[in-house]
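Encoded as structure tokens, the structure appears first; notes follow it.
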Amino acid sequence: MKLVIDHNSPIPLYIQAEELLRKMIALPKYQEGKLFPNEVHISSELGISRNTLRQAINKLVFEGLLYRKKGVGTMVIKPVDSKVKNWKSFSQEMKSKGISIINYDINFKWVVPEISILRFFGLVEKTKVLKMERLRGKDSGPFVFFVSYFHPRIGLTGTEDFERPLYQIMQQDYSVTAKLSKEEITAEAATKVLADKLELKKGDPILKRKRFVYDPGRRPIEFNIGYYRADSFVYSVESER
């Protein structure tokens, strides 16, 4: 496979390098366990610095596509069966439990997010993305506050009918399929803003659920944070050997 970078393109070099690495990952020889060429060789062939190449590799390591071991090299990670499968969107989760959900408040705006979110999306600094804030719950009151950021390539504008499930809108209206979700769940104390939204007292415990969502090509499409009342959220994992 010939590796070529377009140095005249407005697309940042590390993003071009990342796309080339994704193509390499799909090659049978690397799927079968062959080590990637070393960083010196790849960066020399592409005409980019090792730091630029390392930035692209780090992104794919973070996504769980590559494994890098000092003194050994870089290789493709083969999927294993120990992950939680068949993840559901929030709407699907609630529907499976027979819970009717109410949107208490929903707001959209185009923002320049913090740098960690831009890096997750592979976007350059100062790029604006669509941000959605949504307060949701049951008849008895709100129990979760969502903050979502969407990759501009999706095409969402904020004028869609969000009474429909989010991933249904993406798939049916924009031909974007949410395929993979990675999650982090932590506990923290409610700030004044979150306490007011979730009808709690400042300092009350809440659960923070961070979700990274990808399409079938493992391209990031959504960065989502959900803040849940601690008395309303149970996270269950079923494992089988």
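The values are calculated or read from the model by the stated rules, or taken from the named source; none is laboratory data. Given the structure is predicted, the values throughout are model-derived calculations rather than measurements. Here the Cβ is made from the backbone with ideal geometry for all residues, glycine too, and neighbour counts use every protein chain on show.
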- Query: Just for the range 1-56: of the residues that are in a loop (DSSP other than H, G, I, E, B) and either among the hydroxyl-bearing types (Ser, Thr, Tyr) or touching a Phe, Trp or Tyr at 6+ places or on another chain (Cβ under 9 Å) (or both), which one is nearest to residue 124 (Cα to Cα)?
  - Reply: 9
- Query: If residue 36 passes every condition in (1) more than 30 Å from residue 139 (Cβ to Cβ); (2) modelled with pLDDT under 85; (3) of a type in the set (Phe, Trp, Tyr) but one, which one does it miss?
  - Reply: (2)
- Among (1) surrounded by 13 or more Cβ atoms within 10 Å (Cβ to Cβ); (2) among the acidic types (Asp, Glu); (3) within 30 Å of residue 199 (Cα to Cα), which single condition is residue 173 missing? (3)
- Message: Criterion first (closer than 29 Å to residue 196 by Cβ and either assigned to a strand (DSSP E or B) or modelled with pLDDT under 80 (or both)) does residue 148 satisfy it?
- Response: yes
- Task: Return the residue satisfying two criteria in turn: it lies in the range 94-124 and is under 17 Å from residue 162 (Cβ atoms) and in a helix (DSSP H, G or I), and of such residues it is modelled with the highest pLDDT.
- Result: 94
- Inspect all residues belonging to the range 111-133 and state whether any of them is farther than 22 Å from residue 94 by Cα, in contact with a Lys or Arg (Cβ under 8 Å, 6 or more places away or on another chain) and loosely packed, with under 14 Cβ neighbours inside 10 Å. yes
- Pick from 159, 177: which is closer than 19 Å to residue 108 by Cα, in contact with a Phe, Trp or Tyr (Cβ under 9 Å, 6 or more places away or on another chain) and part of a loop (DSSP other than H, G, I, E, B)? 159
- Task: Mind telling me which of the residues 136, 164 ends up being under 13 Å from residue 90 (Cα atoms), part of a loop (DSSP other than H, G, I, E, B) and out of contact with any helix residue (DSSP H, G or I) (no Cβ under 7 Å at 6 or more places or on another chain)?
- Result: 164
- Can you name every residue in the range 39-65 that is surrounded by fewer than 14 Cβ atoms within 10 Å (Cβ to Cβ), under 29 Å from residue 222 (Cβ atoms) and either touching a Pro at 6+ places or on another chain (Cβ under 6 Å) or modelled with pLDDT of 90 or more (or both)? 51
